[in-house]
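The structure appears right after this line, and notes come after that.
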Amino acid sequence: MPRSPAEPPAPKTDPATRNATRNAVQDRTRRADRRLGVRLLLAVGAGAVAAVPFGLLLLLVEGAWPPLLRLDAGAARRLHEVALEHPGWTATLRFLSDWLWDPATLRIAVALLTGWLLYRRAWRLAAWAATTAIGGALIGVLVKVVVERARPSLQDPVAEAPGYSFPSGHAMTATTSCAVLLLVLLPLVPRRWRGLCWAAAGISVLGVGFTRIALGVHWFSDVIGGWLLGGAVVVLTGWAFEAWRSDAGRPRTDVSEGLEPELTDEEPEPQVYGTESGSRDR
């Protein structure tokens, strides 16, 4: 549309100024990327020791606190009786635990999501997803080996599982995996459906814990420990990612919007090697 004679001409940006601005943005993003890597590693390491509720629970488990032992034994006994009396119900729990909510299934889902993020060139979000999932799995195995808690020993077991008991690997993997899937994909979900996504994630995490206790392969405190430790890993790596956004000059996000609302853009993350940023940065 032609300008009116009275309209002043549009100001022209000096090429040198434009280049200097672009270089400053690129330098800032590079520095933010370096800090992101360090923070992700620190967050995973801190996740094993900085979760205060988990640490308290671990002390109670290691100290064989009588009230906790009574709670564990009572929950295991009552749910085991129900499992023996309702074989159809038990078969459903086994399907949910061994297939739908199995750690391998959830990790495959996160791996596929990470591959898709790499395809979308959401490099930093992919790094967060992979670090949260892999770091959580390694921390869970490490704690199991350190604690060496035996699994429940029931007279007529309806299911069996190898390895040590505390914390529950199923509960921890469900917590980290559902959090990764939810926080990454929320920006792609219409607002009216996001409540259902939160509900599905919550039901999955709670359902995993229930199935492990009802099948007699974990104590109640094992499941609580898995939830707490998995939640600590997600919170700490999420903090690292949010700190990178701040360093890169991106606005703070609300958890209801997901970790990276710019995922809906053509270029979801700042491009520092010779290209422009995503549409939200322009």
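Considering only segment 118-167, state which residues are touching a residue at least 12 places away in the same chain (Cβ under 8 Å), assigned to a helix (DSSP H, G or I) and over 26 Å from Leu56 (Cα atoms).
Passing the criteria: Trp123, Arg124, Leu125, Ala126, Ala127, Trp128, Ala129, Ala130.
Within segment 69-82, identify whether any single residue is at pLDDT below 75 and open to solvent by 40 Å² or more (accessible area, probe 1.4 Å), and answer yes or no.
So far as segment 69-82 goes, no, none of its residues is at pLDDT below 75 and open to solvent by 40 Å² or more (accessible area, probe 1.4 Å).
Output the residues belonging to segment 87-124 that are more than 30 Å from Glu269 (Cβ to Cβ) and loosely packed, with under 14 Cβ neighbours inside 10 Å.
Residues satisfying the conditions are Pro87, Gly88, Trp89, Ala91, Thr92, Phe95, Trp99, Leu100.
Taking the conditions exactly as written (hydroxyl-bearing (Ser, Thr, Tyr), under 22 Å from Leu58 (Cα atoms) and in a helix (DSSP H, G or I)), does Ser221 satisfy them or not?
Yes, satisfied.
Pull up segment 168-202, narrow it to residues that are in a loop (DSSP other than H, G, I, E, B) and over 17 Å from the mean Cα position of the chain (by Cα), then point me to the one that is nearest to Thr237 (Cα to Cα).
Residue satisfying both the conditions and the ranking: Val189.
Testing Ala243 on (1) within 27 Å of Gly163 (Cα to Cα); (2) open to solvent by 10 Å² or more (accessible area, probe 1.4 Å); (3) in contact with a Leu (Cβ under 9 Å, 6 or more places away or on another chain), one condition comes back false. Which one is that?
Unmet for Ala243, out of (1) within 27 Å of Gly163 (Cα to Cα); (2) open to solvent by 10 Å² or more (accessible area, probe 1.4 Å); (3) in contact with a Leu (Cβ under 9 Å, 6 or more places away or on another chain): (1).
Tell me, yes or no, whether segment 240-255 has at least one residue that is out of contact with any helix residue (DSSP H, G or I) (no Cβ under 6 Å at 6 or more places or on another chain), more than 30 Å from Leu71 (Cβ to Cβ) and of a type in the set (A, V, I, L, M).
Scanning segment 240-255, I find at least one residue that is out of contact with any helix residue (DSSP H, G or I) (no Cβ under 6 Å at 6 or more places or on another chain), more than 30 Å from Leu71 (Cβ to Cβ) and of a type in the set (A, V, I, L, M), so the answer is yes.
Tell me which residues, restricted to segment 254-282, are more than 15 Å from Trp244 (Cβ to Cβ), modelled with pLDDT under 75 and hydroxyl-bearing (Ser, Thr, Tyr).
Matches in segment 254-282: Tyr273, Thr275, Ser279.
In segment 138-166, which residues are surrounded by 20 or more Cβ atoms within 10 Å (Cβ to Cβ) and within 17 Å of the chain's Cα centre (by Cα)?
Ile139, Gly140
Filter segment 209-221 for residues that are closer than 18 Å to Lys144 by Cα and of a type outside the set (S, T, N, Q); which is most open to solvent (accessible area, probe 1.4 Å)?
Ranking the candidates gives Phe220 first.
Show the residue pairs meeting these rules: Cβ distance below 9 Å; 6+ apart or different chains; first residue within segment 235-261 and on the phi > 0 side of the Ramachandran plot; second residue of a type in the set (A, V, I, L, M) and in a loop (DSSP other than H, G, I, E, B).
As it stands, the answer is Gly258/Val189, since those pairs meet every condition given.
The values are calculated or read from the model by the stated rules, or taken from the named source; none is laboratory data. Bear in mind the structure is a predicted one, so any value in this text is a computation, not a measurement. So basically every Cβ, Gly included, is an ideal-geometry build from the backbone, and we count neighbours across all protein chains shown. Heavy atoms of the whole protein, side chains included, go into the accessibility calculation; ligands, DNA and RNA do not. Shrake-Rupley method; radii C 1.70, N 1.55, O 1.52, S 1.80 Å.
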